[in-house]
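Structure, as structure tokens:
The values are calculated or read from the model by the stated rules, or taken from the named source; none is laboratory data. This is a predicted model, so every value here is computed, not measured. A quick note on method: Cβ atoms are made from the backbone with ideal geometry, for glycine too, and the neighbour counts reach across all protein chains shown. For the accessible areas, the whole protein counts, side chains as well, though only heavy atoms, and no ligand, DNA or RNA atoms are used. Shrake-Rupley method; radii C 1.70, N 1.55, O 1.52, S 1.80 Å.
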Amino acid sequence: MSRYGSYEDQPILAELYDYVPGYRSRPDIDFFVRCCMESGGDIIELGSGTGRILIPVAEAGCQITGVDLSEFMLSRCREKLEKCPDEIKNRIRLIQGNIISIDLDRKFDLAIMPFRVFQHLVTVEEQLACLKNINRHLNGDDRLVFDVFQTDLKRINNPAFMNEMEDFSDIDLPDGRRLRRNHRVAAFHPEEQVNEVELIYYLTDSKGETSRIVQAFPFRYFFRYEMEHLLARAGFKILEVFGDFDRSPLSGHSPEMIFVTEKT
């Protein structure tokens, strides 16, 4: 059996999110927690998901508002918060909404947008709308920090990547099910700088029956100076560009492009 969908319409994807080894071990948590602690103020996270970054930020003593489009992801976050002490829960506010258009009628001292959330915005119109909306929610001279991957020219239009490739092999879930995941590019659109990506989950139950669950989405890739122009048009100046979460400078071999920006 195969199912197709996204975080907005497939609750099973939100359920599986926190079991993905690459998400659990992603080295960005300390980076964003440090950014939040340095801000010393009220924080908003765009695309907060199940709380992978949001909860550690609150544990570090910061007030943070999480916004996500998927009610399923927010529901998983709430389940995790139920196990947290009240002092941590009281530092967190969760809101379902679209980061392009949401209006919270308040200002924040820092906005963060971790784990390539911005790359789900395919068009320039969406990208500028998002950045300008973030700008409206910041106090003067306050910061937006976010990451996108650094585009690898060898991968963006290579038919070899249309074949399924393994992300991780079988892992045991707490309820006895087993999970593995592959990925592939279903289509390349170099004229739009978009790849149609599929994350393919194979979930095996206690009876040995396996479901195939496909998370399909368009993914936009960016280049450094394109990103700098977008930010300038939306009212931000760039303070630093890192190439990884150890705050190393961006180089030709860096896996990430991490932008630390300030509202102008």
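What percentage of the solvent-accessible surface of the chain, computed with a 1.4 Å probe over protein heavy atoms, is contributed by carbon and sulfur atoms?
Details: 6030 of 12480 Å².
Answer for the chain is 48 percent, counting heavy atoms of protein chains only.
In percent, what relative contact order does region 49-195 have, based on Cα pairs under 8 Å that are 6 or more apart in sequence? Don't skip to the answer; put the middle values down first.
On the way: 179 pairs, mean separation 24.9, N = 147.
17 percent.
Only Cα pairs under 8 Å and at least 6 apart count here; give the relative contact order of the chain as a rounded whole percent. Don't skip to the answer; put the middle values down first.
Numbers: 529 pairs, mean separation 47.4, N = 264.
Once normalised by length, the contact order is 18 percent.
Helical runs (DSSP H, four residues minimum) scored at -39500 (n - 2.57) apiece and divided by the length of the chain put the mean residue ellipticity at 222 nm at -7000 deg cm²/dmol.
The order of the peptides 89-99, 111-121, 75-85 by mean Cβ neighbours within 10 Å, most packed first, is 111-121, 89-99, 75-85.
Calculated FRET efficiency, Arg224 and Asp172, Cβ-Cβ r, R0 25 Å, to nearest 0.05?
The formula returns an efficiency of 0.05 here.
Partners of Lys107 within straight-line reach, counting aspartates and glutamates whose Cα lies under 20 Å from its Cα and excluding those fewer than 8 residues away in the same chain: Glu38, Asp42, Glu45, Asp68, Asp141, Asp142, Glu262.
Please calculate how many Å² of accessible area region 1-56 carries per residue, with a 1.4 Å probe and no DNA, RNA or ligand atoms counted. Mind showing how you got there, number by number?
On the way: 2290 Å² over 56 residues.
Each residue of region 1-56 exposes 41 Å² on average to a 1.4 Å probe.
Label separation (Ala60 vs Glu79): 2.7 nm, computed from points 7 Å beyond Cα along the C-beta direction.
The trypsin sites (Lys or Arg not before Pro) of region 150-184 that DSSP puts in a loop, and whose beta carbon has at most 14 other beta carbons within 10 Å, are Lys154, Arg155.
Which value, in Å², gives the accessible area per residue of region 117-264 when a 1.4 Å probe is used on the protein heavy atoms?
Per-residue accessible area for region 117-264 comes out at 49 Å².
Remark on Ser254: its backbone amide H falls under 5 Å from none of the residues 5 or more positions apart or on other chains, H modelled at 1.01 Å from N.
Taking θ as phi - 60° and the Karplus parameters 6.51, -1.76 and 1.60, the scalar couplings of region 10-26 work out to 10, x, 4, 5, 5, 5, 7, 3, 6, 8, 5, x, x, 7, 5, 9, 4 Hz in sequence order, x denoting glycine and proline. Taking other residues whose beta carbon is less than 13 angstrom from the beta carbon of Ala186, and scoring Lys, Arg as +1 and Asp, Glu as -1, yields -2. The HN-Hα couplings worked out from phi for region 143-156 by the Karplus form 6.51 cos²θ - 1.76 cosθ + 1.60 (θ = phi - 60°) are 10, 10, 10, 7, 10, 9, 7, 7, 5, 9, 4, 6, 10, 7 Hz, whole numbers, x standing for Gly and Pro.
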